[in-house]
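Read-outs: derived from the displayed coordinates by stated rules, not from any lab. Remember, predicted model here, so these are calculated numbers, not experimental data. Neighbour counts are summed over all protein chains in view; Cβ atoms, including those assigned to glycine, are modelled from backbone coordinates with ideal geometry.
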Amino acid sequence: MERLERLFGDIRFWIAITFVHRLASIMQPPLEVAHNWRQTTVTMVARNFLEIDPNIFYPRVDMAGDLWGITGMEFPLLNYLIYLVSLIFGYEHWYGRLINLIISSTGIWCFYDVIKHYFNKKVAFASAMVLLFSLFYYYSRKVMPDTFSVSLIFAGIWVWKDFVLTSKFWKYLLGSLLIALGVLSKLPSVMILAFLWPLILEANWTKRLLMSSAIGMAGVAAALWYFYWVPYLEIEFGFEHFFMGKTMAWTFHFLLSNWQETLHMFYVKALGYSGFVAAFVGLFFLIRSTLNTKLVVGFSFLLFAVLMLKSGDKFTGHEYYIISFIPVMALLAGFSLSALKPKLLLIALLIISVEGVARKWEDQFVKSGKQLAHIDEMLDPYMTSSDLIVINSEKFPTPIYFAHRKGWIRPNQSLLKPQEVEELQSKGCKFIVILKKRFGSDIELPYSLLLENDLLKLYQL
């Protein structure tokens, strides 16, 4: 019984078990309901690195029509790792899932060990369990950079912890690299740097200077990428893809007007009801905590408030916007849960874990629309891979990614207007793909019909 209790109290056991669970259907294409469009923009960039140009500074998307396709976006590290794996094994849709799952699972361990260093094993275990079964759980197997970037930063902090303890310079360099890459991969993850505060104070003045310098250089690199290079790419190559936020005043009014949806991000999306209750109770434990802990939480709250007020209406519609804030919520939950007796703690964590797995169970499997993953095979007999197409998927790039072609995405209303179709044709568009159901709806067009099946119609201009 004692050995069993030790096993259940070991975060490595839960990381391993949940890793294996999330391997189920890992090879499915990114077609699950939640944010498939965001995943396919990652995968199409990776595929374009492989098929067109591997220059990491010039990421390309598929829906820029007759333009180069080069556009501004997050630093495409995850995309590039997919490309590197593809060089060895050939391209597959799902590589990004596995890469993200490996890095994110490692990030949970690093988070646990850092929190254990700051506080104690009980707080660390409870906090890591809450983080593991939060929104992290399923987003860590999506082809998206959010949990990936947070995990890279925690890995960097974990390495720096050993640097402070051992003075090994290579650990300083490795930690600096991981932190810089994490911040570059997803800018909102910069708030995770708040967790560095106690470690920096623990170090001597030489190490403080070194770590502060590295943080400063990471900040400069991120600023150059997001505020110089991204706008430059959009202006130079004529295609805007990356969202840089809205005015804080507008967003404040929007979030206040939609306060229910805003709150849902915290107690429904981020941690679920049980995890949120634990985090809320943790605020009272925070009052009695050290100044360093209060500064970590307070600085995180401040940075997250800025993120919220720059996100606009996308905050309530894009649940992954809250991922970078979940670690501090998990820490708060860890404070309150660690105060429970062992049996009550186990019950509480069991409730949190079951709710976490069940809350977004549909994200584990693609239950419908699998035909879309083979749309390229349907189109191949009628056109070359270089032919430009337009698909009636409105703002969703998912279908054009699976079509494995370049072109445009438009709503039905546009394709029903002859002048707009003529304009596309003048830019080189040769075919129109009408999706009948998912991502589109059936319409009749006065052009040559080459193919019709349950999924689509193909017209030639």
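Looking only at Cα atoms, what is the convex hull volume of the chain per residue, in Å³?
Considering the Cα atoms of the chain, their hull volume per residue is 159 Å³.
Tell me which residues come under 5 Å, amide H to amide H, from Leu451 once H is placed; ignore anything under 5 positions away on its chain.
Leu458
As I understand it, the value is the acute angle between the Cα axis of helix 95-118 and the longest principal axis of the Cα atoms of the chain; what does it come to in degrees, rounded to 10?
20 degrees
By DSSP, what percent of the beta bridges with both residues in the chain are antiparallel, rounded to the nearest 5?
Given both bridge residues lie in the chain, the antiparallel proportion sits at roughly 60 percent.
Could you give the C-alpha radius of gyration of the stretch 1-159 expressed as a fraction of 2.2 N^0.38 Å, taking N as the number of residues it contains?
Details: Rg = 17.8 Å, N = 159, 2.2 N^0.38 = 15.1 Å.
Dividing the Cα Rg of the stretch 1-159 by 2.2 N^0.38 Å gives 1.18.
Taking amide H atoms as placed 1.01 Å from N in the peptide plane, list the residues 5 or more away in sequence, or in a different chain, whose amide H sits under 5 Å from that of Asn258.
none
Exposed loop trypsin sites (Lys or Arg not before Pro) only (DSSP loop, at most 11 other Cβ atoms within 10 Å): please give the longest stretch of the chain free of them, not including the sites.
Details: sites that count: Arg288, Lys367, Lys395.
Excluding the exposed sites themselves, the longest stretch runs over 1-287.
In the stretch 347-386, whose amide N lies under 15 Å from the spot 7 Å out along Cα-to-Cβ of Lys395? List them in ranges.
Correct set: none at all.
Per DSSP helix of 4 or more residues, -39500 (n - 2.57); summed, then divided by the residues of the chain. What does that give at 222 nm, rounded to the nearest 500? Display every interim value, and only then the final one.
Values: 23 runs with 271 residues, N = 461.
Counting only the DSSP helices, I get -18000 deg cm²/dmol.
Just add up the charged neighbours of Leu210: K/R +1, D/E -1, any other residue whose Cβ is under 15 Å from the Cβ of Leu210. Each step should come with its number before you reach the end.
On the way: positive: Lys161, Lys168, Lys171, Lys207, Arg208; negative: Asp162, Glu202.
Overall, the nearby charge balance is +3.
Spin-label point model (7 Å from Cα, Cβ direction): what's the Gln425 to Trp361 distance in nm?
The modelled label-to-label distance comes out at 5.1 nm.
Length gain on complete extension for the stretch Asn55 to Gln28, per 0.36 nm per residue less the alpha carbon to alpha carbon distance?
7.0 nm
Taking θ as phi - 60°, what are the ³J(HN,Hα) couplings along the stretch 413-429 by the Karplus curve (6.51, -1.76, 1.60), each to the nearest whole Hz, with x for Gly and Pro?
4, 5, 6, 7, 9, x, 5, 6, 5, 4, 5, 4, 4, 5, 8, x, 5
Could you check the spin-label model distance between Lys314 and Ile235? Points 7 Å from the Cα along Cα→Cβ, value in nm.
It is 2.0 nm.
How far is helix 272-287 tilted off the main Cα axis of the chain, in degrees rounded to 10, range 0 to 90?
Its long axis makes an angle of about 40 degrees.
May I ask you to list the residues of the stretch 426-450 whose amide nitrogen lies under 20 Å from a point 7 Å from Cα along the Cα→beta-carbon direction of Gln413?
433-446
Taking the beta-carbon count within 10 Å as an exposure proxy, list Leu201, Leu346 from fewest neighbours to most.
Working: Leu201 11, Leu346 14.
Result, fewest neighbours first: Leu201, Leu346.
Rounded to the nearest 10 degrees, what's the angle between the helix 205-224 long axis and the longest principal axis of the chain, both from Cα atoms, 0 to 90?
Taking the Cα atoms of the chain, the angle to 205-224 is about 20 degrees.
Under 5 Å between amide hydrogens, which residues at least 5 positions from Gln28 or on another chain qualify, with H placed 1.01 Å from N in the peptide plane?
Close amide H contacts, sequence-distant or interchain: none at all.
What is the projected area of the convex hull of the Cα atoms of the stretch 370-460, averaged over all directions, in nm²? Don't jump to the answer; show the numbers that get you there.
On the way: hull surface 20.1 nm².
Over all viewing directions, the stretch 370-460 projects a mean Cα-hull area of 5.0 nm².
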